[in-house]
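Worksheet: the structure to be examined is printed underneath.
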Amino acid sequence: MAVPQSAIGDKPNLLGMTLPEMTVFFAAMGEKPFRAKQVFRWIHHGGVDNFDAMTDLAKSLREKLPQVAVIQAPKLMTEQKSKDGTRKWLLDVGTGNGIEVVFIPEADRGTLCVSSQVGCALDCTFCSTGKQGFNRNLTTAEIIGQLWWANKAMGRDPKGERIVSNVVMMGMGEPLANFDNVTSAMDIMLDDHAYGLSRRRVTLSTSGVVPNLKRLKERCPVALAVSLHAPNDALRDVLVPINQKYPLAELLASIRDYLQAAPRDFVTFEYVMLDGVNDTAQHAHELVKLVEGIECKFNLIPWNPFPDAPYARSSNNAIHRFRDVLQQAGLIVTVRKTRGDDIDAACGQLAGQVVDKSQRTQQTKLSALTIPIAIHSAGATA
Ligand code: SAH
Ligand code: SF4
């Protein structure tokens, strides 16, 4: 196995290594596998980014490690808390770029919404991340670093369970367009020596990068959400342009195939509700036909506005009418509650800071960040 990426300067970043990768790295130093496991646990169980704190390592190893490796999480820039308990962190990923991470508390779980890229190249017309353009893929360390930070901030409940119990890859970016780093980060999420999440508690959301959905089935099957947003190719070609490359018939076939290996026996279809665009009863009837024979649940997402977007949110009446048509056809439907409204933490509003390198947008856009409630100067060494 190759020694992993996620290096800072010449030194590899241990935060982004899976346990097998760390074992290889330690073996190359002449260290036993259990040493790799100890360090891996310190980082992910203990939230430690300082070799000196790893008290059960031999002093000689503690002194050697900083010479050959680093443990570096993205720097925490701001933290915001919503009235409803939602939290949002802005993490600095260098060269003027920032990514946002959101924690959403619910009665029976705590869900972390994790980003996979700085911006997104897929350019869905209703999405604020897409409109900001694309800068780069996040490294494995930057992806797992979001969970690492959130666990440090949220801690454990009185029973000793982690407050962050679920992860959804629904932040900025298209996770299947950053396949290797996302799957390595998910390996760490699932590892019992790290976060120990079950596959059912990790959900990957994709707009439909079909070849990589096939690879995901083999490499790291987790719960699946697919951003559908339209009941036919003509409309989906416009809203979700990657549909022009991988149209609905191909996407639905690959979902059927994926479900054979998935930890949950259904796919969640996300459907953003755009006033007058995709929200009529006729669209709903067409959708029912489209998904016939696929085990699925629907999540209707009231569209969240952002400046200069050519859309409006569907009325509550339209959303309910749409939901009723699906329900009458026997489908399970939820309407997503908008959380963290007061801190712009809602789905599709994650702006972060994207210095667009894709040349797709003409200007460099820095998001208008809301005023932080706390500024931490703390970085990787905090
Ligand atoms: N790229 C992946 C995951 C990130 S987006 C994907 O597209 O699935 C997570 C979800 O938010 C997707 O369903 C996306 O379509 C939706 N979304 C994007 N912009 C939105 C907005 N302005 N309002 C509501 N939902 C939005
Ligand atoms: Fe990218 Fe998803 Fe936004 Fe589309 S909806 S632009 S795939 S982040």
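The values are calculated or read from the model by the stated rules, or taken from the named source; none is laboratory data. Because the structure is predicted, anything quoted here is derived from the model rather than measured. Counting neighbours? That spans all protein chains shown, and the Cβs are built from the backbone with ideal geometry, glycine included. Heavy atoms of the whole protein, side chains included, go into the accessibility calculation; ligands, DNA and RNA do not. Shrake-Rupley method; radii C 1.70, N 1.55, O 1.52, S 1.80 Å.
Determine, yes or no, whether Val222 is in contact with a strand residue (DSSP E or B) (Cβ under 6 Å, 6 or more places away or on another chain), open to solvent by less than 10 Å² (accessible area, probe 1.4 Å), closer than 28 Å to Val70 by Cα and at pLDDT 95 or above. No.
In the stretch 1-104, counting only helices (runs of 4 or more DSSP H) that sit wholly within it, the ones holding 3 or more residues that are within 21 Å of Val182 (Cα to Cα) span 19-28, 33-44. In this entry, Ser227 passes the filter for residues that are within 14 Å of ligand 2 (Cβ to nearest atom) and among the polar types (S, T, N, Q). In the stretch 238-265, the residues that are of a type in the set (A, V, I, L, M, F, W, C) reach residues that are surrounded by fewer than 17 Cβ atoms within 10 Å (Cβ to Cβ) with C-beta atoms within less than 6 angstrom, at least six apart or across chains, in these pairs: Leu239/Thr125; Leu248/Asp233.
Quick check on the stretch 154-172: of everything there that is touching a residue at least 60 places away in the same chain (Cβ under 8 Å) and within 16 Å of ligand 2 (Cβ to nearest atom), which residue is nearest to Val102 (Cα to Cα)? Step by step, filter the stretch 154-172, then rank; the result is Gly171.
Residue-wise test of (1) among the polar types (S, T, N, Q); (2) under 25 Å from the mean Cα position of the chain (by Cα); (3) at pLDDT 95 or above.
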residue	(1), (2), (3)
His283	no, no, yes
Leu287	no, no, yes
Pro305	no, yes, no
Pro310	no, no, no
Phe322	no, no, yes
Gln328	yes, no, yes
Leu331	no, no, yes
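Of the conditions (1) modelled with pLDDT of 95 or more; (2) part of a helix (DSSP H, G or I); (3) open to solvent by less than 20 Å² (accessible area, probe 1.4 Å), Gly130 satisfies every one except a single condition; which number is it? It is condition (1) that Gly130 fails.
Yes/no matrix, rows are residues, columns are (1) open to solvent by less than 30 Å² (accessible area, probe 1.4 Å); (2) in contact with a Leu (Cβ under 7 Å, 6 or more places away or on another chain); (3) at pLDDT below 95:
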site	(1), (2), (3)
Pro158	no, no, yes
Ser165	yes, no, no
Glu174	yes, yes, no
Asn178	yes, yes, no
Val182	yes, no, no
His193	no, yes, no
Ser198	no, no, no
Thr206	yes, yes, no
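Of the residues Val222, Val277, Val238, the single one that is among the β-branched types (Val, Ile, Thr) and closer than 30 Å to Val39 by Cβ is Val222. With respect to being out of contact with any strand residue (DSSP E or B) (no Cβ under 6 Å at 6 or more places or on another chain) and free of Cβ contacts under 8 Å to residues at least 60 places away in the same chain, Ala309 falls outside the description.
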